[in-house]
1. Under 28 Å from Ala175 (Cβ atoms) and among the β-branched types (Val, Ile, Thr): does that describe Thr43?
2. Strands (runs of 3 or more DSSP E) wholly in the stretch 111-206 with at least 2 residues that are in the same structural domain as Trp260 (by TED's automatic domain parsing) and at positive phi - which ones?
3. Within the stretch 285-309, can you find the residues that are of a type outside the set (A, V, I, L, M, F, W, C), touching a residue at least 24 places away in the same chain (Cβ under 8 Å) and in contact with a Ser or Thr (Cβ under 6 Å, 6 or more places away or on another chain)?
4. Could you go through the stretch 143-163 and let me know if any residue there is more than 15 Å from the ligand (Cβ to nearest atom) and of a type in the set (Phe, Trp, Tyr).
5. Specify which of the listed residues (Glu294, Glu287) is closer than 21 Å to Ile138 by Cα and either of a type outside the set (Lys, Arg) or assigned to a helix (DSSP H, G or I) (or both).
6. Can you say whether Arg209 is within 30 Å of Ala327 (Cα to Cα) and either surrounded by fewer than 17 Cβ atoms within 10 Å (Cβ to Cβ) or in contact with an Asp or Glu (Cβ under 6 Å, 6 or more places away or on another chain) (or both), as far as the supplied structure shows?
7. Hey, could you check the stretch 199-244 for residues that are of a type in the set (A, V, I, L, M, F, W, C) and without any contact (Cβ under 8 Å) to a residue 12 or more places away in the chain and say which is nearest to the ligand (Cβ to nearest atom)?
8. Let me confirm something: among Gly193, Gly133, Gly187, Gly176, which residue is under 19 Å from the mean Cα position of the chain (by Cα), within 28 Å of Val255 (Cα to Cα) and within 16 Å of the ligand (Cβ to nearest atom)?
Amino acid sequence: MIGDKNPRTIDATHATHGIGIEIGDGGMRMIAARADNGERTSTRWHRRLHAPPSPDEALATINDLISDMLAAKNTHQPLDALGIALWGDIDPVRGVMLSVPPAIGWDEYPLEATLTNRWEVPVHMQSAVAAAGLAETIFGAGIGHQVVLYVHSGRTIASALIARGEIVPGASGRAGKLGHWIVRPDGPRCACGQRGHLDPIASAQSIVRTTIGLASGSDESTASMLRVSGGRAEAMTVRQVVQLVNEGDPAARQVLDAAWDALALALANLVVALDPDIIVIGGPPAEAGDAFCEPLRERLSAFLASWRATPTIAPGKLDSHAALLGACRIAVP
Ligand SMILES: [Zn+2]
């Protein structure tokens with residue numbers, strides 16, 4: 001979980017105070033929380049940048065945020081460490097950014113070293129998916145499990161492997177890009193330009209968009225879609241698509257059957273390779289709970305047949321707080 005770049009020892013008799021920061025998600029949203037000896041904390045600070053920022057603009061906002069937190073009346077402890085969880089592509093081994101869509105100018109930006117120089121404390125950076133997986137392992141659905149495969153589905157699908165409480169790092173930060181896992185070579189085109197990838201069939205965003213497109217061809221499905229979404233089909237959630245399936249809507253059924261089939265196929269291959277004892281589903285599908293996970297588990301079980309037990313598939317328990325809690329944990333383990 002922690003690289004060798006910022007070695008430090010923690011004196012067990014001395015409290016350690018860090019700050020965890022979650023960056024990104026669409027444009028640029030930052031949330032920060034204190035992390036005191038790894039405890040969960042409820043005090044949060046928010047900043048929002050309305051346009052995708054340059055690295056310098058984002059850094060200025062991060063520094064303001066940290067300064068405000070340190071100046072707050074109830075946080076007079078010194079800063080010992082920073083944990084950063086970022087919704088974008090990063091290389092946690094080198095501590096550099098790879099990309100932060102849709103912002104530009106982030107390629108190879110040395111965020112970890114820049115923050116280390118500014119604050120003179122150890123800075124640990126992870127992808128938000130890895131951070132969220134770590135938080136679910138320690139505080140949420142993965143408690144008590146040795147090897148947790150965390151699968152986050154939102155705009156894209158990505159995963160992290162948490163083994164014995166530690167994030168298993170890849171060589172370059174690109175492990176777990178499940179959205180580009182090939183599940184159907186003749187399938188729809190992915191945003192990356194290739195065909196057959198998991199994202200255009202099974203990401204939370206694709207599930208909602210495909211359902212809207214398919215349901216629009218039927219008056220009955222359109223009426224159902226408007227009803228479950230409160231008249232705002234464009235804001236429909238995966239939980240509401242699952243609700244449509246349970247009410248017998250054929251359009252939603254077609255979309256989710258394809259998504260569950262494709263996701264189960266990818267997960268079956270991952271289970272063979274990684275041997276997790278639980279798969280935790282994060283992101284919008286987790287809001288649907290077991291109603292999303294159980295059909296997935298049935299399909300996974302059929303793929304794995306009888307040669308091994310099917311791992312538990314559980315919805316995440318930390319909702320949208322997972323990545324920030326993970327950032328705090330990365331700062332102060
Ligand atoms: Zn792709």
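The values are calculated or read from the model by the stated rules, or taken from the named source; none is laboratory data. Just so we're clear, the structure is a prediction, and the values are computed from it rather than from any experiment. All Cβ positions, glycine included, derive from the backbone under ideal geometry; neighbour counts span all protein chains shown.
1. Values: under 28 Å from Ala175 (Cβ atoms): no; among the β-branched types (Val, Ile, Thr): yes.
When the stated conditions are applied, Thr43 does not pass them.
2. Values: elements: 123-127, 147-153, 157-163.
Passing ranges: none, list empty.
3. Pro285
4. Yes, some residue in the stretch 143-163 is more than 15 Å from the ligand (Cβ to nearest atom) and of a type in the set (Phe, Trp, Tyr).
5. None of the other options fit; the residue is Glu287.
6. On the way: within 30 Å of Ala327 (Cα to Cα): no; either surrounded by fewer than 17 Cβ atoms within 10 Å (Cβ to Cβ) or in contact with an Asp or Glu (Cβ under 6 Å, 6 or more places away or on another chain) (or both): yes.
So Arg209 does not fit the description; no.
7. Ala235
8. Details: Gly193 fails: under 19 Å from the mean Cα position of the chain (by Cα); Gly133 fails: within 16 Å of the ligand (Cβ to nearest atom); Gly187 fails: under 19 Å from the mean Cα position of the chain (by Cα).
Answer to the selection: Gly176.
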